[in-house]
1. When the helix-only estimate is applied to chain B (DSSP H runs of n ≥ 4, each -39,500 (n - 2.57), divided by the residue count), what is the mean residue ellipticity at 222 nm, nearest 500 deg cm²/dmol?
2. Computed FRET efficiency, Cβ-Cβ of residue A:92 and residue B:57, R0 25 Å: what is it to the nearest 0.05?
3. From Cα coordinates alone, what are the radius of gyration and Dmax values for segment B:6-102 in angstrom?
4. Under the Karplus relation 6.51 cos²θ - 1.76 cosθ + 1.60, θ = phi - 60°, what is the ordered set of whole-Hz ³J(HN,Hα) values for segment B:341-348, x standing for Gly and Pro?
5. Multiply the residue separation of residue B:237 and residue B:344 by 0.36 nm, subtract the distance between their alpha-carbon atoms, and state the gained length in nm to one decimal.
6. Efficiency by 1/(1 + (r/R0)^6): what FRET value for residue B:146 and residue A:127, r their Cβ-Cβ distance, R0 = 25 Å, to the nearest 0.05?
7. On the Cα set of segment A:60-153, report Rg and Dmax in Å, please.
8. Considering every residue in B:58-67, what mean count of other chain Cβ atoms within 10 Å of its Cβ is obtained?
Amino acid sequence: MTAAIQKKICMLGGFSVGKTSLVKRYVESVFSEAYLTTVGVKIDKKSVTLGDRVVNLILWDLAGEDDMSSLRMSYLRGSAGYVLVADGTRPATLEMALSLRRRVEAEHGPLPFALLINKNDLREQWAISDGDLEELRRNGCWVRSSSARTGEGVEDAFMDLATRIVR
Amino acid sequence: MENLPTHVADRLQALTFGDRAVAYLYVDHALVLIDAGGQLGPYELGALRHGEPAVEQVAFLEGMLPLVESPYLLPSIEVAKGRVADLHFWSDEGGVWVVLLEVTTERDATRRLQQKAYDMTLLQEKEAAFNRRLEAANAALLATQRELEASRDALLLAHEELRAQSDELARWNKTLEERVAAQVGELERVNRLKRFLAPSIADLIVSSGDESILKRHRRDIAALFCDLRGFTAFSESAEPEEVSELLHDYHAALVPLIQSFEGTLDRFVGDGLMVFFNDPLPCPNPAERAVRLAVAMRDAVAALATAWRQRGHNIGFGVGVAQGFATLGEIGFEGRFDYSAVGTVVNTAARLSDAASNSQILVTSRVASAVGDLAELSNIGTLEIKGLSRPLTVSNVVALKFEEHQVIFLNRQTR
């Protein structure tokens, strides 16, 4: 077994899109209905095995973006990749996620990322169409639907991102 | 804290930091942890190993070292569960210092405010989304209402059209009933008239709509009577069915002839028939027509008589024709009318018929003079006629003079 390595991954997106819940689902395999906003950063750690290598993912769960507070780019220093999260029931959060991607790339250059359209368990309330997702894929985005409540798409997203980061 | 007494400096430090957990790390340029201190426990950093790589032991250092900017601040980092600190980085010749200054209380206060703001914003977003759905539903409802109104209008229009068609149908029915009633009445009149008129003449009278012609009046007519000789004896000896069959053949042969000569059939009485001409429709030369009919009848009955003789029945045929004024018109009562002629001329024709022997057509002198050019006549002499004060000069029509006349009437018969 090769020595373990560490990679920093930041969770980015608008407020209340489910970043903290996705991390909690991924790290602790639990989901809480209660919404508790994140201030600053919450750091978690998850070890995964990729081939013969153990990778410790240091997950920086950043406070959600809103109209009043802007992302502190200093938090992303040293990040190997990031997860953009949008809420399928709120189309404005997809615009915000794409805007964050542009700002991150402007500051830190192109980094591996995954775009998760979350809350797929509320699919009947979605305001983002399959056509929109297909358009993003055609533009080179790694995009999937996910649900922190059911766990759908969560493990795959982090594993895929980790694989691309370590590659 | 320079120039401050120790107890004042300590008091100020206590006021500034209070219960905050403060800790520090010192990492050399080889990223090895060379020192750490303060309150490391609350940050779950109590088991740090000096002299070993720092990043592997302190997760938040991943990606931060070597420091590219000094001093450097990462505010409000939840390093351990429920423990939030501002991370202050700066470097010196020996390495990088990191100070963890706890801000959990401040973070919690900020979070409470932010939570309320976000909850409010989410509520507003939900309200806006709900309003959008409500507006969409309202628009759909309005569209449906418009469609319903359009459907209702179309239905009303269809209903009006249907009612108009129904009214028109009712009018048609009424018209049809009236026409049927009129035609039935016409048919009844035609049928009534056909009893004594040639069908073509009956149709003509009905279509003219003028039946005043049938009112009682006087006119100069030619009357024809005919009957069978030996019929009474035959009917007494023969079976009723045989009598009926013979009469049927007899009438079937004569009635079409009467119609073809456009004679008015007054009555059947057993083997006796009365026909007259020039009424109700006038015709030229009524006597001539009557004689022509009589000859045709005689020929027809002669053909029948041959068959009758073969069955053993010796039956002959006699005709009487007279001309003169008679009173004509409908005779009878409601539901049972006949068109008939009354007068001496009728009696005379009847008496002549009675007087005629087999194959004779007895005519009065007036008739004889009217058909003198047409028919070959033989003078019979005078006959006493019951009801007449003077004897009558009577002739017998032997035959028609010109074959072509017969041909003409034969053609008319088959028309």
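Only the coordinates and a few stated rules stand behind these numbers; no lab work does. Owing to the predicted nature of the structure, the values given are computational and were not obtained by experimental measurement. Cβ: placed from backbone, ideal geometry, glycine included. Neighbour counts: every protein chain shown.
1. Details: 10 runs with 199 residues, N = 415.
Rounded to the nearest 500, the figure is -16500 deg cm²/dmol.
2. Values: r = 41 Å, r/R0 = 1.65.
In this case the efficiency is close to 0.05.
3. Cα only, segment B:6-102: 13.7, 41 Å (Rg, Dmax).
4. 10, 10, x, 4, 4, 5, 4, 4
5. Working: separation 107, 0.36 × 107 = 38.52 nm, distance 3.45 nm.
Gain on stretching residue B:237 to residue B:344: 35.1 nm.
6. Computed FRET efficiency for residue B:146 and residue A:127: 0.40.
7. Computed over the Cα atoms of segment A:60-153, radius of gyration and Dmax are 13.4, 39 Å.
8. Working: counts 0, 9, 5, 4, 14, 12, 4, 1, 0, 1.
Mean partner-chain Cβ count within 10 Å for B:58-67: 5.
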